[in-house]
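A.B. asks: First, the structure itself, so that you have it in front of you.
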Amino acid sequence: MNLNQVTLADVLTSYRGRAHSCRCGCKGTYRVTAENRAVASANRGYDHSDEDVSDRSVRQTLALIQHHNSFYPVEHGAKGSDGVEWFDLQLGDRDVTVYVADQEGRGDIVRKAFEREAGRVLAKRAALQADEFLPA
Ligand SMILES: [Zn+2]
């Protein structure tokens, strides 16, 4: 995706944190839009909390990266098998990133989350059945 064409609806997650540091959330903050909260949660594997939701913050982060695109090198990660691509900018000692998934990417994430959940149910059922046949 071209950075200039990215809209708020495409942004799965935005990130602001200390440059070149751990991305687990200990050195920065992830934000999601209300619209993409569920898909972002499915992509991460656990739910985003209410305090992670801020359309304003995600919009600001996207605008920051798009604005600086002409002056600073913005790194771009192409869309992976996870359906996500990203744009990353370093401003001083801060890293600013948006993780992006278009309509198709969001569909991929939802499908994978569904398959993962179905896999968990099947594994649990198989374990329960195995228990029944094992001697106590
Ligand atoms: Zn960390």
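A.B. asks: For Asp131, only one of the following conditions fails: (1) in a helix (DSSP H, G or I); (2) at positive phi. What is its number?
C.D. replies: (2)
A.B. asks: Still on this structure, I have one more. Among strands (runs of 3 or more DSSP E) lying entirely in the stretch 4-87, which contain 1 or more residues that are within 16 Å of the ligand (Cβ to nearest atom) and farther than 25 Å from Gly107 by Cα?
C.D. replies: Output list reads 11-18, 28-31.
A.B. asks: Still on this structure: Go through (1) under 20 Å from Ala9 (Cα atoms); (2) within 13 Å of the chain's Cα centre (by Cα) for His76 and report which single condition fails.
C.D. replies: (2)
A.B. asks: Considering (1) charged (D, E, K, R); (2) closer than 25 Å to Lys112 by Cβ; (3) out of contact with any helix residue (DSSP H, G or I) (no Cβ under 6 Å at 6 or more places or on another chain), say which one Arg31 fails and leave the rest.
C.D. replies: Result: Arg31 fails condition (3) only.
A.B. asks: In the stretch 88-128, how many are basic (Lys, Arg) and in a strand (DSSP E or B)?
C.D. replies: 1
A.B. asks: Still on this structure, please answer the following. In the stretch 69-111, what residues are touching a strand residue (DSSP E or B) at 6+ places or on another chain (Cβ under 8 Å), charged (D, E, K, R) and touching a residue at least 40 places away in the same chain (Cβ under 8 Å)?
C.D. replies: Lys79, Glu85, Asp93, Arg94, Asp95, Arg106, listed by residue number.
Condition check ((1) out of contact with any strand residue (DSSP E or B) (no Cβ under 8 Å at 6 or more places or on another chain); (2) within 17 Å of Ala9 (Cβ to Cβ)) across all residues:
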site: Lys27; (1), (2): no, no
site: Arg31; (1), (2): no, yes
site: Ala34; (1), (2): no, yes
site: Arg37; (1), (2): no, yes
site: Ala42; (1), (2): yes, yes
site: Tyr46; (1), (2): yes, no
site: Ser54; (1), (2): no, yes
site: Val58; (1), (2): no, yes
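Every number here is computed from the coordinates shown, using simple stated rules; none is lab data. No experiment lies behind these values; they were computed from the predicted model shown. Here Cβ is always computed from backbone atoms with ideal geometry, including for glycine, and neighbour counts include all displayed protein chains.
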